[in-house]
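Let me begin by presenting the structure, written as structure tokens, before commenting on it.
The values are calculated or read from the model by the stated rules, or taken from the named source; none is laboratory data. Owing to the predicted nature of the structure, the values given are computational and were not obtained by experimental measurement. As a convention, Cβ positions derive from the backbone with ideal geometry for all residues, glycine included, and neighbour counts pool all protein chains shown. These area figures cover heavy atoms from the full protein model, side chains too; ligands, DNA and RNA do not enter into them. Shrake-Rupley method; radii C 1.70, N 1.55, O 1.52, S 1.80 Å.
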Amino acid sequence: MNFYSDYNDLAQRLSADSGIEITYKGTGKYLSFTPYIYNDCSASCRFCSEKLIRKGQVMVCEGICDGYEKMLEDALKYTGDRQIFLSLSGKEPSESPEHLELIAEAVKNAEEVGSNIKPRIMYSNLSGFVNNWDRLTKVIKDLNVTRIECSRHFYEEDVNQNIVQFKDGVAIRENAVFADVVQRLQKILPLKMVCVFQKGGVENAEHVKKYLDFARSMGITEVVFRELSVFSDGVDRGPVQQYITDSRIELMDILEGLSKEEFKIAGINKGYYYFSFEYNYKDMSVSFEMSDYEEMIKKHTGSDLHKLIFYPNGKLCRDWNMQGEISNWR
Ligand code: SF4
């Protein structure tokens, strides 16, 4: 298994070979802020990091607390003059339009008194758009969402379903329904597709090209491929931890297998716990990313503030799974 430090070495080598400088992301300027969206989710992905256990703690929320909207507004103001990278994520955002509406209101109010909230990214499997199109498209316009990063982990629906395990009756599991939603949404805002490498899914450079053709056939020109996160002791043993450990496909192996004629490196980004390697392929921008939970936990428990997560129960935390709670922040 390769960790953050191994990818640091790779980044240095690629930079030396290509002459492309490494860009440092997420330090100083931006503060990532997640108003955590909690629901039952429309899927049950085998690798779902929301189901990982840390120090015996599993993510469970009781629902949205009284006074949530005002508390979120105050939490946004807590960031001071740092620019907020707003991450609309947690469980499946498109299944919680009412929660998104509260967030839209809080964001608007915080912005009116000076908060700088940009970009605003939604991470979604798009399931809710099938039945709730009008309400969701209204709220993404009200929220001025910069783009949606939509997850789909294979180009054949049955293989995707085996990984994602959409619940009974969730129509987005069908590729025809997914393509229809993707094409309609692209008329409203930019979309990026997200695929996680794993055994039984996208496993090699040939699959990468087929996936890119699938995305391009729906008009998508931006795709990000992610390696399953690496960790050692930071995560407790359990079924999801075991799946991730057993199913990991090494990003380095994929990068090695890419045709140098077809994939041209265009950028190397170093985040505080992740690396992202950007390539041009035909008329598409393709990113390949790895993230290291051990590095993330180390940074989240250090002196600098990298991330804030505001949970529906009103807790403001600097680390995931409701850890690193900030007291007396109001
Ligand atoms: S869609 Fe996201 S939150 Fe839902 S199960 Fe999959 S990874 Fe987890």
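Would you work out the charge dipole size for the chain about its Cα centre, treating the Cβ of every Lys and Arg as +1 and the Cβ of every Asp and Glu as -1, and quote it to the nearest 20 debye? Taking the Cα centre of the chain as origin, the dipole is about 520 debye. What whole number of Å gives the distance from the Cα centroid of segment 186-226 to the Cα centroid of segment 267-300? About 16 Å separates the Cα centre of segment 267-300 from the one of segment 186-226. Annotation: per residue accessible area for segment 4-317 equals 43 Å², rounded to a whole number [probe 1.4 Å, protein chains only]. When the charge dipole of the chain is built from unit charges on Cβ atoms (+1 for Lys and Arg, -1 for Asp and Glu) and taken about the Cα centre, the candidate among Tyr7, Asn269, Gly169 whose Cα reaches farthest toward its positive end is Asn269.
Among the protein heavy atoms of segment 51-194, carbon and sulfur supply 46% of the accessible surface, probe 1.4 Å, non-protein parts ignored.
Proximity of backbone amide H atoms, modeled 1.01 Å from N, is registered between Val194 and Cys150, Ser151, Arg152, Val224 at under 5 Å, excluding neighbours fewer than 5 places apart on the same chain.
Sorting the segments 35-47, 275-287 by their mean number of nearby beta carbons within 10 angstrom, highest to lowest, gives 35-47, 275-287.
Shown in residue order for segment 260-268 are the 3J(HN,Hα) couplings computed by the Karplus curve 6.51 cos²θ - 1.76 cosθ + 1.60 at θ = phi - 60°: 5, 6, 8, 10, 10, 5, 10, x, 10 Hz (x for Gly and Pro). Selection among Gly56, Leu88, Val182 by position relative to the dipole of the chain gives Leu88 as farthest towards the positive end (Cβ unit charges, Cα centre).
Residues whose amide H lies under 5 Å from that of Ile326, counting only those 5 or more places away or on a different chain, are Leu316, Cys317, Arg318; hydrogens are built 1.01 Å from N in the peptide plane. Scanning the chain for cysteines with no neighbouring cysteine C-beta under 4.7 angstrom from their C-beta gives Cys41, Cys61, Cys65, Cys150, Cys195, Cys317.
Taking Cα centre as origin and charging only the Cβ of basic (Lys, Arg, +1) and acidic (Asp, Glu, -1) residues, the dipole magnitude of segment 55-175 rounds to 380 debye. For the listed residue pairs Lys118/Lys298; Lys209/Lys307; Lys187/Lys209; Lys51/Lys264; Lys91/Lys141, the alpha carbons are over 28 angstrom apart in Lys209/Lys307; Lys51/Lys264.
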